[in-house]
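To start, the structure itself, in structure tokens.
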Amino acid sequence: MLQKHEIAQALKNARKSSKLKLKEVAEILGVSYRTISGWEHEHSQPDAKSLLQLRRIYGFSSIDEMLECSVDTPFEKTILIDERELITAYRKLNDIGKNITMANAKTLTELMGKLQ
């Protein structure tokens, strides 16, 4: 089992490897940047829901993978800035907007597949 300082360091490494700032992560999660800082400096720890959200934000396939993150974790394992912007915009949509967005994304993916 990981110690508190190991979890804090892994969370910090995961955020840095994704090229995100404290404030950006806080905005996506809907918490203050001090909350994220507290997790990274051993003042507190995220709950299970927050860990799941962080895993998605940082682009890891599991919480275990995220907590094993080192400063050398390749950037390819993280979500790109454009992807984060899309996720943030998508989360602000109502259900109708989300359905339209998903339908458009599927159509675009099919069209791009035919072009290649």
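Annotations
- A single entry from 8, 26 fulfils the requirement of being under 11 Å from the mean Cα position of the chain (by Cα), aliphatic (A, V, I, L, M) and assigned to a helix (DSSP H, G or I): 26.
- Taken over the range 1-37, residues that are in contact with a helix residue (DSSP H, G or I) (Cβ under 9 Å, 6 or more places away or on another chain) and either within 15 Å of residue 50 (Cα to Cα) or in the same structural domain as residue 88 (by TED's automatic domain parsing) (or both) amount to 21.
- Taken over the range 39-62, the criterion of being without any contact (Cβ under 8 Å) to a residue 12 or more places away in the chain, aliphatic (A, V, I, L, M) and closer than 19 Å to residue 83 by Cα is satisfied by 52 alone.
- Flag if residue 37 is assigned to a loop (DSSP other than H, G, I, E, B), more than 18 Å from residue 91 (Cβ to Cβ), over 14 Å from the mean Cα position of the chain (by Cα) and hydroxyl-bearing (Ser, Thr, Tyr): no
The values are calculated or read from the model by the stated rules, or taken from the named source; none is laboratory data. Everything quoted here is computed from the prediction, not taken from an experiment. Every residue, glycine among them, receives a Cβ derived from its backbone with ideal geometry; neighbour counts consider all protein chains shown.
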